[in-house]
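The values are calculated or read from the model by the stated rules, or taken from the named source; none is laboratory data. This is a predicted model, so every value here is computed, not measured. Because the Cβ atoms are built from the backbone with ideal geometry, glycine has one as well, and the counts that use them run over all protein chains shown.
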Amino acid sequence: MEVKNETILIQYNRIFNFFKKDKNNDTKILERAFKMAFQAHKNCYRKSGDPYICHPLSVSEICTFEMGLDFTSGICAILHDCIEDTNISLENIKSVFGEEKSNIIDGLTKIKNIIKNPQKSNCIDNFRKLMLSLVKDLRVILIKIADRLHNMRTLQYMPREKQLIISYETLHIYAPIACRMGLYNIKSELEDLSMQYINRNEYNYVSFKLKKIQRECYSLIKEFIYPIKKSLKEQNIECKIIERTKSIFSIWNKMKNKNISFSNLYDLFAVRIIINNSKHPKTDCWRVYSIITDHYFPNQNRLRDWISNPKSNGYQSLHTTVKGYNKWIEVQIRTKNMNEIAERGIAAHWKYKENNKDSTIDKWIHKVRDLIKKPIKNENLIDEFKMNLFEDEIFVYTPKGELIKLPKRSIVIDFAFEIHTDIGMHCIGAKINNKIESLKYVLQNGDHVEIITSKKQNPNKDWLNFVITSKAKDKIRNFLLISRNKNIQIGKNNLHYQMNKINININQNNLYMIMKYYNILSINDLYCKFINKKYNINSDIKQYVQQHNIKNNILKYNKYDINKRNQYSKSLILTKNGFNFLNYELSRCCNPIQGNYIFGFITSDHRIKIHKTNCLNSVRLFNKYFYRVINIKWKSDKNIKFNLKLQNELLNKNDLFYEISKYISINLKIVVNTKFASYNKDGKINSIISLNVNNDKSSNEIEKKIKLINGIYYVNRIC
């Protein structure tokens, strides 16, 4: 077989030479896989113009060099698109490469089929399929993450609409899975790449700020490291010290969640100390911690011991934050083996466990299997999985000292159900560290929990608003369902008895009229009402039933017809092909203005709602209803005014707030709609000013000019 493209040969040779080092790997099988994939994709090209075979080879490289997966995974990555995009059948692959490889490729193909048929399914079904594949063979989902990573690295060649859909799905589904798999570097890259397309302005802002201070911070870290290096050498501890920068997405996320500016972030950079493998890894890590705290003051609230209590994905490390040169710096301490697990996740973890098994990983996979079996509603599926499988964990203790792992933000009821179903059912409170707390108490790391129960206690509907774990929710729902079914039967018997008593026929029409009389929407709700003795069928109800004829009122929805709305002369929004949308509404949740990156969402009553691409609701809309998302852009019209709010932090000076409003009105000739100011503890004024502006460009110019006014700390656009 003649391969003229040099790039293809370089990629293949890198993979070949890597696997050639291990004598257990049959490189003839690798050659066979490459030849099959090359011939199958011979006349296919990607959007970038590259031969299509470059993509599966790149996925195989990610699996091999970045994830450290096995020989089988490397071959399956090369073949992963053959069944979907070519004439090669699964039977062909099974006959040539065996059942194990064909099963992995079949799992990858089924996932792709779902993505390519959005009319029949959406990304929720895709997510369920991903989880099913995870239970059968972890390598399926790991290869899929590698596939998504390469697609994200080449996403610039896709149309804008596709960029947004793929980026939201990546951020909402694939990044959390990569995190749980322990692939932290890949998780960070997926988040950063997604942010590039969803929030371009914010990404560029954080990236610019980060580059600006990098030199200064790296020189500071070198000074910080020097005394530690010296002490480690004196103690004969062999290790490697590296500097680490926080990802752009995590920086932006922290700024957004804590509502702080870039300049107020203190943990942008961190130091990682990797100890050469030793016989006593845990002891050596604590020795290094002791040396660091001899030189610098530690923040005890920021100490995280993931060595004694590893995460479910096998992650082990000792985290602390210390103060050096008037700066708080995060330090991570781990061994070489721990670092490989942290960098490469579960794939690397297998190397250090016999028979490729680990109790924490097995427990997590069992949780996935249990969640898949449960009848979770589609709209709640992703939230349920993320809450129970992808959230950070806390560690709490039973009275006997047994360690219990729970998702972050778990409450007393979650803990009770985790111990035993009966304890959860009759839980009335708990002793937390010998102090009595309520059912809604949010558990913290290291809490000692003793549950208090009463036989009179039973779950109620309100509990579902507070519990976090899937186990607790399922048990409460089951109890409420059984109780409701009993109540329905009792109420039904009682209602029928009363209807017979005053000679009302028991039929669908009469029951409907009784529902209408009490303003009740469902028959089961009606039956539940008649458990209560206050509700009785009397002569008034009988008269009401007899006087009204039952008619089936069918609600008719008047679908939006654009031809009926030609009386509108102007339109703010256009689609990319120039078609005018007349029945639209600017969403209040993000208040888009001209110049923002936007998308349209078709509502149930066929109106178009305009959202910014970085709107807080955009993740939910793209993932649950992506088939109702349309690509739109602004029409140029300088006469149109939009509302913009600017949040300012000012020095507490007399009349400064008034002077700024006056300056905006007179010098910038902008109408100030509303003003609001409040004082904070630092003697500064937090103010919000609402303005009318033409577009995003003019709002940026206004921000720059306001920042030049003496006495202003920073200006932050809030919509």
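For the stretch 482-492, the count of residues that are closer than 30 Å to Leu406 by Cβ and either aliphatic (A, V, I, L, M) or touching a strand residue (DSSP E or B) at 6+ places or on another chain (Cβ under 7 Å) (or both) is at least one.
Among the candidates Ile241, Ile186, the residue that is within 29 Å of the chain's Cα centre (by Cα) and under 26 Å from Met67 (Cα atoms) is uniquely Ile186. Taken over the stretch 268-310, the criterion of being of a type in the set (Lys, Arg) and part of a helix (DSSP H, G or I) is satisfied by Lys282, Arg287, Arg302. Checked against (1) under 20 Å from Val140 (Cβ atoms); (2) in contact with a His (Cβ under 9 Å, 6 or more places away or on another chain); (3) of a type outside the set (S, T, N, Q), Pro51 passes all but a single condition, namely (1).
Can you find a residue that is farther than 18 Å from Glu100 by Cα, of a type in the set (Phe, Trp, Tyr) and not in a loop (DSSP other than H, G, I, E, B) anywhere in the stretch 39-46? Yes, the stretch 39-46 contains a residue that is farther than 18 Å from Glu100 by Cα, of a type in the set (Phe, Trp, Tyr) and not in a loop (DSSP other than H, G, I, E, B).
Per the listing Tyr218, Tyr226, the residue uniquely aromatic (Phe, Trp, Tyr), assigned to a helix (DSSP H, G or I), out of contact with any helix residue (DSSP H, G or I) (no Cβ under 6 Å at 6 or more places or on another chain) and at pLDDT below 85 is Tyr218. Got a number for residues in the stretch 278-295 being touching a residue at least 40 places away in the same chain (Cβ under 8 Å) and surrounded by 12 or more Cβ atoms within 10 Å (Cβ to Cβ)? Total meeting the criteria: 10.
For first residues located in the stretch 202-221 and touching a residue at least 60 places away in the same chain (Cβ under 8 Å), partners that are surrounded by fewer than 12 Cβ atoms within 10 Å (Cβ to Cβ) and lie 6+ apart or on another chain with Cβ distances below 8 Å form the pairs Leu220/Tyr325.
Residue-by-condition table, conditions (1) under 30 Å from the mean Cα position of the chain (by Cα); (2) modelled with pLDDT of 90 or more; (3) outside the structural domain of Leu303 (by TED's automatic domain parsing):
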{"residue": "Pro399", "(1), (2), (3)": "no, no, yes"}
{"residue": "Ile413", "(1), (2), (3)": "yes, yes, yes"}
{"residue": "Ile419", "(1), (2), (3)": "yes, yes, yes"}
{"residue": "Cys427", "(1), (2), (3)": "no, yes, yes"}
{"residue": "Ile436", "(1), (2), (3)": "no, yes, yes"}
{"residue": "Lys461", "(1), (2), (3)": "yes, no, yes"}
{"residue": "Leu464", "(1), (2), (3)": "yes, no, yes"}
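So that you can scan it fast, the table gives a plain yes or no per residue for (1) of a type outside the set (A, V, I, L, M, F, W, C); (2) surrounded by fewer than 13 Cβ atoms within 10 Å (Cβ to Cβ); (3) over 20 Å from Ile292 (Cβ atoms):
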| position | (1), (2), (3) |
| --- | --- |
| Ala175 | no, no, yes |
| Glu189 | yes, no, yes |
| Asn199 | yes, no, yes |
| Pro227 | yes, no, no |
| Asn236 | yes, yes, no |
| Cys239 | no, no, no |
| Trp252 | no, no, yes |
| Lys256 | yes, no, yes |
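Regarding the stretch 438-451, can at least one residue be identified that is exposed (fewer than 15 other Cβ atoms within 10 Å of the Cβ), closer than 30 Å to Asp525 by Cβ and of a type in the set (A, V, I, L, M)? Among the residues of the stretch 438-451, not one is exposed (fewer than 15 other Cβ atoms within 10 Å of the Cβ), closer than 30 Å to Asp525 by Cβ and of a type in the set (A, V, I, L, M), which makes the answer no.
Remark: pairs (first residue in the stretch 478-492, within 14 Å of Met425 (Cβ to Cβ); second residue at pLDDT 85 or above; Cβ separation under 6 Å; 6+ apart in sequence or on different chains) = Phe479/Pro459. Just one residue in the set Ser263, Ser219 is loosely packed, with under 13 Cβ neighbours inside 10 Å, in contact with a Lys or Arg (Cβ under 9 Å, 6 or more places away or on another chain) and among the polar types (S, T, N, Q); that residue is Ser263.
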